[in-house]
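Quick notes on the structure that follows.
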Amino acid sequence: MAPYLGVVPFTVFVTLFLLWPTYIVVTGAFKDTNGEFSTEALGSVLTSANHLSAFQRSIQVSIITALAGSIFGALFAWAIGTGRSNGPLRRVALAGSGVFAQFGGVMLAFAFLATFGFNGMVTMFLSERFGESFLTDASWLYGMGGLAVVYTFFQIPLMLIVFLPAVENIRPQWREASDSLGGSTWEYWRHVAGPILFPSFIGAALLLFANAFSAYATAAALISQGSPIVPLQIRGALSSETTLGNQSLGSALAFGMVVVVAVVMTAYALLQRRVAKWSQ
Amino acid sequence: MTPPARTRSLGLRARSVWRWAILLLVGIYLLLPMVAMLDFSTRGAPGERSLESWQAIATSPGLIEAIVTSLQLAALSVLGVLVLLVPTMVWVHLQLPSLRRTLEVICLLPLTIPAIVLVVGIAPIYAQVTRFFGGSPLTLTFVYMVLVLPFAHRAIDASLRSVDIVTLSEASRTLGASWPRTLVGVIVPNIRVGIMSAAVISIALVLGEFTIASLLNFDTMQVVINLIGKRNAGVSVAVSLAALIFAFLLLIALPTSSGRRSASESEDS
């Protein structure tokens, strides 16, 4: 019994601030405003075109940016991983990626406002050179298009962080073996590196999907009108005081997000088992 | 049949060209917004440069207070998570090895719960927290400790695996040291690299956090940056750039686990 006393503080803390809130969200989705069991809130989410299209847009922007981020990020990881393993380039790329990937959506939103916004550097440069045109109409930045571009901006560095270990696990000797057996570059990627990296790549892409799907800060800072994606609708449910039953609506939307992320993370965990085979 | 040496070196050169082309393109994409922020925050009258936006950081209402709040929050959260996590992880490592997997799963849980979801569940709890501790934004420490849990766990875990702390602690206990003394005097110095990186990553995360602070109505740095940005984007861009550079310097000062060997060690688990 005595050894278990050592984990009591941790258990209490985690129960209070992690497990209990999770429990509140999950059970809250099945309650009405009086705290009685009800599927009304969930039902209203599932039948509302507004909420459903928010889920659709959230999933869409997550798929698009996970795809773009994982492809460009994987190329980036390859370019970094085949360099000197202790060099300054790797160090700078990793530190910079840590900042962009995990540091803050609000600041990245402002970075893009300064670049492509109405008074952004690129917008002004284009209008000075080529005059007013569709190129200088910056309104795309404040909607779903802007969201996709800024999300991709933090997905690429995240891919570098997640995928670099897999790339660095590829032994240069395998390439040499393939070369000396007469294999072409294509054959090397098709039969050696590709199959080894593929599970890690898919796993990382799933992680990127969950990352974009969960993101809130960028959208809150960037999008000025309406609540096109689920996290913004949750904000609406939490902050509006006019309609009754907002806590349960917020919980129902949050529960929907949990379900989507859970599906993705389960797939990720299953893939990770396959990956472990190669990382010995 | 071995391919002639010439094609092999051609292949190498092609690879090198590809490599630099990718680095250049991605580098430009990642750095262009940073250059734009510098340009945007130093604009004066047409065609002139001015440091007005940067000087306005000091005079913008609430901004300095919010930065101080965020720095305090970062310090408290790091301290909190280390005091909570290091003894627990060491204890589990030594006394309850069968719980290691459970501990890991719990610590990684916040990664799978979006902050926007956590805030829905934590809002009712914070109604109680503010009753006990008052409405200071520093109460965010509790929920921030949860947010940094996965990253702190991973960093400390990597360090714990690389040292034989079972033997170390047995040696220390045999020589008569108490358990707290063993922890502080023997084990902590041996895992200081992990503790350092846990601290740095946690500081960066807390300084950048927006979702929870904003929805619980606390004025942290990110919340105020966002607020000011609606009126005076120049100041917000200046503070953002400064914060990004600060985080970059923090992370680059970290002793990275580099090289092939440690890359496979720190493989995602």
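Considering only the stretch A:235-247, how many residues are surrounded by fewer than 17 Cβ atoms within 10 Å (Cβ to Cβ) and either more than 26 Å from the chain's Cα centre (by Cα) or at pLDDT 90 or above (or both)?
5
Residue B:41: more than 8 Å from every other protein chain (Cβ to nearest Cβ) and polar (S, T, N, Q), yes or no? Walk me through how you get there before you give the answer.
Numbers: more than 8 Å from every other protein chain (Cβ to nearest Cβ): no; polar (S, T, N, Q): yes.
Considered against the rule, which asks whether it is more than 8 Å from every other protein chain (Cβ to nearest Cβ) and polar (S, T, N, Q), residue B:41 comes out as no.
Which of the residues belonging to the stretch A:171-205 are over 18 Å from residue B:18 (Cα atoms) and outside any helix (DSSP H, G or I)?
Within the stretch A:171-205, A:171, A:181, A:182, A:183 meet the criteria.
Mind telling me which of the residues A:250, A:182, A:194, A:226 ends up being surrounded by fewer than 17 Cβ atoms within 10 Å (Cβ to Cβ) and within 23 Å of the chain's Cα centre (by Cα)? Please lay out each step first, then the result.
Details: A:250 fails: surrounded by fewer than 17 Cβ atoms within 10 Å (Cβ to Cβ); A:182 fails: within 23 Å of the chain's Cα centre (by Cα); A:194 fails: within 23 Å of the chain's Cα centre (by Cα).
Testing whether each residue is surrounded by fewer than 17 Cβ atoms within 10 Å (Cβ to Cβ) and within 23 Å of the chain's Cα centre (by Cα) leaves just A:226.
State yes or no: is residue A:178 under 18 Å from residue A:271 (Cα atoms) and either modelled with pLDDT under 90 or out of contact with any Lys or Arg (no Cβ under 9 Å at 6 or more places or on another chain) (or both)? Working first, answer last.
Details: under 18 Å from residue A:271 (Cα atoms): no; either modelled with pLDDT under 90 or out of contact with any Lys or Arg (no Cβ under 9 Å at 6 or more places or on another chain) (or both): yes.
When the stated conditions are applied, residue A:178 does not pass them.
Of all residues in the stretch A:113-141, how many are out of contact with any Ser or Thr (no Cβ under 9 Å at 6 or more places or on another chain) and at the interface with another protein chain (Cβ under 10 Å from one of its Cβ atoms)?
Residues meeting the conditions: 3.
Scan the stretch B:69-85 residue by residue and report those that are closer than 24 Å to residue B:189 by Cβ and crowded, with 22+ Cβ neighbours inside 10 Å. Spell out how you get there, then give the answer.
Going through the stretch B:69-85, the residues closer than 24 Å to residue B:189 by Cβ turn out to be B:74-85.
B:74, B:77, B:78, B:81, B:85 - these are the residues of the stretch B:69-85 that are closer than 24 Å to residue B:189 by Cβ and crowded, with 22+ Cβ neighbours inside 10 Å.
Would you point out which residue out of B:172, B:202, B:159 is part of a helix (DSSP H, G or I), within 10 Å of the chain's Cα centre (by Cα) and of a type in the set (S, T, N, Q)?
On the way: B:172 fails: within 10 Å of the chain's Cα centre (by Cα); B:159 fails: within 10 Å of the chain's Cα centre (by Cα).
Residue meeting the stated conditions: B:202.
Has the stretch B:68-76 got any residue that is closer than 30 Å to residue A:209 by Cβ and aliphatic (A, V, I, L, M)? Even if it seems obvious, please write down each step before you answer.
Pass one, the stretch B:68-76, residues closer than 30 Å to residue A:209 by Cβ: B:70, B:73-74.
Next, only the ones that are aliphatic (A, V, I, L, M) stay: B:73-74.
Taking every residue of the stretch B:68-76 in turn, at least one turns out to be closer than 30 Å to residue A:209 by Cβ and aliphatic (A, V, I, L, M).
For residues that are without any contact (Cβ under 8 Å) to a residue 40 or more places away in the chain, in a helix (DSSP H, G or I) and within 8 Å of chain A (Cβ to nearest Cβ), scanning just the stretch B:82-102, find the one that is farthest from residue B:165 (Cα to Cα).
Residues of the stretch B:82-102 that are without any contact (Cβ under 8 Å) to a residue 40 or more places away in the chain, as a first pass: B:83, B:88, B:91-92, B:95-102.
Retained after the next criterion (residues that are in a helix (DSSP H, G or I)): B:83, B:88, B:91-92, B:95, B:97-102.
From what is left, the residues that are within 8 Å of chain A (Cβ to nearest Cβ) are B:88, B:91-92, B:95, B:99.
Values: B:88: 14, B:91: 11, B:92: 12, B:95: 12, B:99: 17 Å.
Among those that are without any contact (Cβ under 8 Å) to a residue 40 or more places away in the chain, in a helix (DSSP H, G or I) and within 8 Å of chain A (Cβ to nearest Cβ), it is B:99.
If residue A:99 meets every condition in (1) within 30 Å of residue A:171 (Cα to Cα); (2) buried (at least 21 other Cβ atoms within 10 Å of the Cβ); (3) at pLDDT 95 or above apart from one, which number is that one?
Among (1) within 30 Å of residue A:171 (Cα to Cα); (2) buried (at least 21 other Cβ atoms within 10 Å of the Cβ); (3) at pLDDT 95 or above, residue A:99 violates only (3).
Regarding the stretch A:35-46, can at least one residue be identified that is assigned to a helix (DSSP H, G or I), touching a residue at least 60 places away in the same chain (Cβ under 8 Å), within 9 Å of chain B (Cβ to nearest Cβ) and surrounded by fewer than 21 Cβ atoms within 10 Å (Cβ to Cβ)? Steps first, answer last, please.
Narrowing the stretch A:35-46 to residues assigned to a helix (DSSP H, G or I): A:40-46.
Now drop any that are not touching a residue at least 60 places away in the same chain (Cβ under 8 Å), which leaves A:40-42, A:44-45.
If we keep only those that are within 9 Å of chain B (Cβ to nearest Cβ) too, we end up with none.
No, the stretch A:35-46 contains no residue that is assigned to a helix (DSSP H, G or I), touching a residue at least 60 places away in the same chain (Cβ under 8 Å), within 9 Å of chain B (Cβ to nearest Cβ) and surrounded by fewer than 21 Cβ atoms within 10 Å (Cβ to Cβ).
From the set of residues in the stretch B:226-243 that are surrounded by 24 or more Cβ atoms within 10 Å (Cβ to Cβ), facing another protein chain (nearest Cβ under 7 Å) and touching a residue at least 60 places away in the same chain (Cβ under 8 Å), which is nearest to residue B:147 (Cα to Cα)?
B:240
Taking the stated definitions as given, is residue B:148 hydrophobic (A, V, I, L, M, F, W, C), out of contact with any strand residue (DSSP E or B) (no Cβ under 7 Å at 6 or more places or on another chain), more than 17 Å from residue B:201 (Cβ to Cβ) and in a helix (DSSP H, G or I)?
No; evaluated as a whole, the condition is false for this residue.
Give the residue that is farthest from the chain's Cα centre (by Cα), with candidates limited to residues of the stretch A:84-98 that are facing chain B (nearest Cβ under 7 Å) and touching a residue at least 24 places away in the same chain (Cβ under 8 Å).
My answer is A:85.
The values are calculated or read from the model by the stated rules, or taken from the named source; none is laboratory data. Note that the structure is a prediction, hence the values are computed from the model and not measured. Positions of Cβ are backbone-derived with ideal geometry, glycine not excepted, and every protein chain shown enters the neighbour counts.
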